[in-house]
Amino acid sequence: MIFAKYVFLVLLFVLVFVCIQSILPIIIRKRKARYRLHYVKTATFGTRISEYLGNKNVLVKHIKEMMESVETKWSLKTMLTVTLILFLAGLLVGILYFQTVKGVMILTSICMSFPYMMLRLKLVSIRLQTRLEFLPAIEVFYQYYLVDHNKNIKISLKYCLEENRIMYPIKPIFEQLYRNLMTQRGTEESLRLFSLTLGHAWADYFTGIMRVALIEGSFVGDSLKELVMDMRKAQRFDQMERNRLLEIRIANFTPILFLVLFLCINFKINPDNAYLYYVIDPVGRNMILDALLLIFVSFLMGIYLSMRRM
């Protein structure tokens, strides 16, 4: 009975794989031909669904803003499609390998949340790279703001970027802010994306100053000067926090390395017993499941601590 169940599941998996492999190239070819026309692209059902979810659903809107802040090449529709595919893959592997409700739920949750975790890790990486570059950028911006006769925030930001006074890696973030302010994007949304990308208290203070200058048209030179002075005093503390964040990121990947090393050693020493224990025996499969759960929780804790320390 159990053998017949295994055979049925394997045949089902092979059948689904063959169907997808046969149909997918045809679908891709047709989609490429249709997407050559821009109006067809914007009129597709998937795009409309993505836009609707991005405007109505709070979680999807948050993911959309995060994707824009890290400037990923994926669209929201691609993100949702990949999440759905990973959900189905986790569901299938959980049924075939673990064969328990616990295994299916844990593996499905891990696979489904993997794209979001990658977005979070990329956002943390950008914040680490730009944390120490924020003070020089604000100092340059403050100088241009004082020199400008009109005391216009947008013009000062424009001259900073055109004359390459704000350097990489933080320059693309200021360029994104300038583009958003100069287009039809709202001031609040543009500043929120800027603050989300940088993710620390100094960025929140700076966006508050920018908000006052853009909406009320007030002179903010004194506020910018005070911000620069406070950041100079806290520069050494920022370096220490950056080192702690690097330690957290390194610690996130050590459980995966230990798990892979442990399994490789066991399969190298005694492949037959390792296969019986980790593949056939339910106790061994449950141990692998618990290890994956602990690694997943450690990733979540690492991301959470990184965000809290920003």
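Would you please name the residue that is most open to solvent (accessible area, probe 1.4 Å), looking only at residues in the range 67-105 that are among the β-branched types (Val, Ile, Thr) and not in a helix (DSSP H, G or I)? First the steps, then the outcome.
Residues of the range 67-105 that are among the β-branched types (Val, Ile, Thr), as a first pass: 70, 72, 78, 81-83, 85, 93, 95, 100-101, 104.
Still in the list and also not in a helix (DSSP H, G or I): 70, 72, 100.
Working: VAL70: 10, THR72: 40, THR100: 68 Å².
So, considering only residues that are among the β-branched types (Val, Ile, Thr) and not in a helix (DSSP H, G or I), the one most open to solvent (accessible area, probe 1.4 Å) is THR100.
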Top-ranked residue in the range 129-153 [being touching a residue at least 60 places away in the same chain (Cβ under 8 Å) and not in a helix (DSSP H, G or I); ranked as surrounded by the most Cβ atoms within 10 Å (Cβ to Cβ)]:
ARG131
Among (1) in contact with an Asp or Glu (Cβ under 8 Å, 6 or more places away or on another chain); (2) in contact (Cβ under 8 Å) with a residue 40 or more places away in the chain, which single condition is SER156 missing?
(2)
Can you spot a residue in the range 189-209 that is open to solvent by 40 Å² or more (accessible area, probe 1.4 Å), not small (Gly, Ala, Ser) and not in a helix (DSSP H, G or I)?
no
For the range 254-310, give me each residue that is aromatic (Phe, Trp, Tyr) and either surrounded by 13 or more Cβ atoms within 10 Å (Cβ to Cβ) or at positive phi (or both).
PHE267, TYR275, TYR277, TYR278, PHE296, PHE299
Can we say THR108 is among the hydroxyl-bearing types (Ser, Thr, Tyr) and within 20 Å of GLU189 (Cβ to Cβ)?
no
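The values are calculated or read from the model by the stated rules, or taken from the named source; none is laboratory data. The structure displayed is predicted, hence computed values, not measured ones. Every residue, glycine among them, receives a Cβ derived from its backbone with ideal geometry; neighbour counts consider all protein chains shown. For accessibility, only protein heavy atoms count, side chains too; no ligands or nucleic acids. Shrake-Rupley method; radii C 1.70, N 1.55, O 1.52, S 1.80 Å.
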